Amino acid sequence: DVVESQEHYKSRWRSIWIMYLTMFLSSVGFSIVIMSVWPYLQKIDPTADASFLGWIIASYSIGQMVASPLFGLWSNYRPRREPLVISTAISVAANCLYAYVHVPHAHNKYYMLTARALVGFGAGNVAVVRSYIAGATSLTERTSAMANTSACQAVGFILGPVFQTCFTLIGEEGVTWKFLCLQLNMYTTPVLFGALLGVINIILIFAIFREHRVDDMGRQYKSINSDGEGSDILDQNTEGSIDHVAVVALNVLFFVILFVFAVFETIATPLTMDMYSWTRKEAVFYNGIILSVIGIESVIVFMVVKTLSKKTGERAILHAGLLIVLVGFFILLPWGKKLPNIQWQEIKNNSIPRTAPSEMLAPFWSLPELRLPSNHTAEPVGCPVTQSWCLNTPMIYLAQYISSDVLIGLGYPVCNVMSYTLYSKVLGPKPQGVYMGWLTASGSGARILGPVFVSQIYTHLGPRWAFSLICGVVVVSLLLLEIVYKRLIAFSVRYGRMQE
């Protein structure tokens, strides 16, 4: 039997590639300004403090959390082109607003907050993207397509700061077009570039994207939100109820996965500054390199996991990924006897040796001793005495930190892809927009709560408590996975239409 015509197959995969592009642009929209938000905020509104910066960073995730279920619901009943175009248009408008936040004479920080929240709201189309890919792929194609989607998202997060770095060549002043009240500088050009990419994305959605749905075996059929494409085959395969226990369990697991990674991202800079007496500049520089390497590692993992899952199955790989993340955070626990340098001791005792510029190329294991020349900075370094745990908690050695980075960079992408893949398979052939919206919202909620949790626990109780609690959370998630393990099967397998 002919499962699918060649023309339909090509059109379906062209549409999926447009979804990959949409996912890439969504993550670029988040990361392209992330390094410059704080200096731009200080420039346009001196009344803004670091706590308000936290709200601006969180506003993206809040906007995405609110929008994801709404766009998902919309995509269930209408052609997906509608929410995709509207959400992308919102992101374009929000980026343009960000470029003009310097214009008002007061309350500029609130305009920036609104702009970033709206960019996040537009990024709610991630739920539409993933629900479309889930409905437009067979079971054998699903893992590979989900891995490609996550890889595009990861590449977007990596390239966003690269684009930002390129635009720094324009400088802080740049060029001003008075008749448009527009300043083209290192802060505004990246978002305008993002807006241009959004416009191109909208054009491609109109020109190339088409509605396609196939069942778990790859046979095409018409969906309730299609615009006349596809065929009327196989509607009976939507019969049966979704296993909501498995759905809820996967939402919880996905929350935990995003939560622990948000903790990891948030804690990197303060942890290295406290443990290794790095300055702000050193911490940003070295952690930037580490996160870039982890991003590349993640993309490689996304590619490898597509092949590996065909041999072992998604559930086993998800289990292994969580175990790797657990080991990564367990390694971060303070084990030695040496205490970190205390900040007030460094200020009091100026005889502590500082590394000369010629020694900056020392091997990585000597990085804890790196300093900028004393005549270049008066910045106090080390573990601040205001954190009482600094006086009695052993330091985390650099070898521990880098080993943990490598393991978490390996485990997180594995868990991310397998969660989405299993979720889409459990939901089956029914429209997945709302469910994908809730999954995206749970991930956004985790990205909001993770930094708040770790900043409070780490500041007041120290790394031993912070990382022990994270290990406990991962252990609980592993127990949950064991409990629901047999239920995490594809909809068609559950109802005997296919063999696992």
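Just a few scattered comments:
- Flagged links, alpha-carbon separation over 32 Å, of Lys109/Lys430; Lys109/Lys281; Lys109/Lys338; Lys10/Lys306; Lys43/Lys337; Lys109/Lys306: Lys109/Lys430; Lys109/Lys338; Lys43/Lys337; Lys109/Lys306
- Potential lengthening between Lys10 and Ile300 on full extension [0.36 nm per residue; Cα-Cα distance subtracted]: 101.8 nm
- Converting phi to 3J(HN,Hα) with the Karplus coefficients 6.51, -1.76 and 1.60 and the offset θ = phi - 60°, segment 464-471 yields 5, 5, 4, 7, 5, 5, 4, 4 Hz in sequence order, with x at every glycine or proline.
- Note that segment 286-296 has calculated 3J(HN,Hα) couplings of 5, 5, x, 5, 4, 5, 5, 5, 5, x, 5 Hz, one per residue in order, obtained from phi through the Karplus relation 6.51 cos²θ - 1.76 cosθ + 1.60 (θ = phi - 60°); glycine and proline are x.
- Zone residues, segment 191-217, relative to Leu159, backbone N less than 17 Å from point 7 Å out along Cα-to-Cβ: 191-205
- With contacts taken as Cα pairs under 8 Å and at least 6 residues apart, the chain reaches a relative contact order of 23 percent.
- In order along segment 119-130, phi translates into HN-Hα couplings of 4, x, 4, x, 6, x, 5, 4, 5, 5, 4, 5 Hz, rounded to whole numbers, per the Karplus curve 6.51 cos²θ - 1.76 cosθ + 1.60 with θ = phi - 60° and x for Gly and Pro.
- Per the chain, cysteines lacking a partner by the 4.7 Å Cβ criterion: Cys96, Cys152, Cys166, Cys181, Cys415, Cys471
- Dipole of the chain, positive end: most advanced residue of Val101, Leu427, Asn125 [Cβ charges, Cα centre]: Leu427
- Segment 9-82 versus segment 182-218: alpha-carbon centroid distance in Å: 12
- Computed [θ] at 222 nm, helices only, for the chain once each DSSP H run of length n ≥ 4 contributes -39500 (n - 2.57): -22500 deg cm²/dmol
- Under 5 Å between amide hydrogens, built in the peptide plane, is the criterion, and for His212 it picks out nothing among residues at least 5 positions away or on other chains.
- Straightening the chain between Ile208 and Val248 buys 10.9 nm, computed as 0.36 nm per residue apart minus the Cα-Cα spacing.
- Point-charge dipole on Cβ atoms (K/R +1, D/E -1) for the chain, about Cα centre, debye to 20: 260
- Among 83-90, 183-190, the peptide with the highest mean count of other Cβ atoms within 10 Å heads the list, and the full ranking is 183-190, 83-90.
- FRET efficiency estimate (nearest 0.05) - Cβ-Cβ, Val476 to Tyr77, R0 41 angstrom: 0.65
- Proximity of backbone amide H atoms, modeled 1.01 Å from N, is registered between Ile342 and Cys383 at under 5 Å, excluding neighbours fewer than 5 places apart on the same chain.
- In this rough spin-label picture, where each label sits 7 Å from Cα along the Cβ direction, the Val385-Thr47 distance is 3.6 nm.
- The residues of the chain expose on average 44 square angstrom of accessible surface per residue, using a 1.4 Å probe on protein heavy atoms.
- Cα gyration tensor, segment 1-222 - rounded (a/c under 1.5), prolate or oblate: prolate
- Proximity of backbone amide H atoms, modeled 1.01 Å from N, is registered between Leu182 and Trp177 at under 5 Å, excluding neighbours fewer than 5 places apart on the same chain.
- Computed E for Thr168/Lys338 - FRET, C-beta separation, R0 25 angstrom, nearest 0.05: 0.05
- Highest average first, the peptides 257-265, 136-144 ordered by how many other beta carbon atoms sit within 10 Å of their residues are 257-265, 136-144.
- With a cut-off of 16 Å on the backbone N, the residues of segment 168-197 near the modelled label site 7 Å out from Ile34 along Cα-Cβ are 191.
- Rolling a 1.4 angstrom probe over the chain with all protein chains present gives an accessible area of which 68% lies on carbon and sulfur atoms.
- Highest mean first, the peptides 435-447, 471-483 sorted by other C-beta atoms within 10 Å per residue fall in the order 435-447, 471-483.
- Theoretical gain in end-to-end length, Lys178 to Ser403 [0.36 nm per residue, Cα-Cα removed]: 75.8 nm
- A simple spin-label model places the labels of Lys281 and Glu141 5.2 nm from each other, with each point 7 Å out along Cα-to-Cβ.
- Cα shape, segment 240-308, gyration tensor, a/c 1.5 rule: oblate
The values are calculated or read from the model by the stated rules, or taken from the named source; none is laboratory data. Note that the coordinates shown come from a computational prediction; the quantities given were computed from them, not determined experimentally. We place every Cβ from the backbone using ideal geometry, glycine too, and count neighbours over all the protein chains shown. What goes into the accessible areas is simple: the full protein's heavy atoms, side chains included, and nothing from ligands, DNA or RNA. Shrake-Rupley method; radii C 1.70, N 1.55, O 1.52, S 1.80 Å.
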